[in-house]
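Enquirer: Pasting in a structure now, in structure tokens, and then I'll have a few things to ask.
Where a number appears in this text, it was derived from the coordinates with a stated rule and is not lab data. Here the structure is a predicted model, which means the values were calculated and not measured. Neighbour counts are summed over all protein chains in view; Cβ atoms, including those assigned to glycine, are modelled from backbone coordinates with ideal geometry.
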Amino acid sequence: MKDKKKQQQEVANSLVMVLQLGINVIVPILLCMAVGILLSKVTKSHSDLFIIGGILIGIVAAFNGAYRSVKGYLKNEESPGQRARRLEEESKSQSGDKHD
């Protein structure tokens, strides 16, 4: 029963991470593009230079935010090697307890 709850919690956490990643990517791009459009209108420039610059700055900010999100999430995850060592240590400690 606990395994099923744990599995459902892991799925929910993964979905939250995907949604957060999407928000971390879309929002900076849209905001920077909006600032570029605003600057283009304020300066009455007919070129799309401000819009393109805003989009590029937004992309850089989006990747930075996405990297930080994923880095924080993966920091809490256990690598396969760490998991194998932990399971090995647990089995050794359990077999050691039986022999005492």
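Enquirer: Please note which helices (runs of 4 or more DSSP H) are completely contained in the chain and include at least 3 residues that are surrounded by 13 or more Cβ atoms within 10 Å (Cβ to Cβ), in contact with a Gly (Cβ under 9 Å, 6 or more places away or on another chain) and at negative phi. Can you show your working first?
Expert: Details: elements: 2-42, 49-76, 80-99.
Answer list for the chain: 2-42, 49-76.
Enquirer: Quick check, is L30 touching a Phe, Trp or Tyr at 6+ places or on another chain (Cβ under 6 Å) and under 16 Å from I55 (Cβ atoms)? Full working, then the answer.
Expert: Values: touching a Phe, Trp or Tyr at 6+ places or on another chain (Cβ under 6 Å): no; under 16 Å from I55 (Cβ atoms): yes.
No: the conditions fail for L30.
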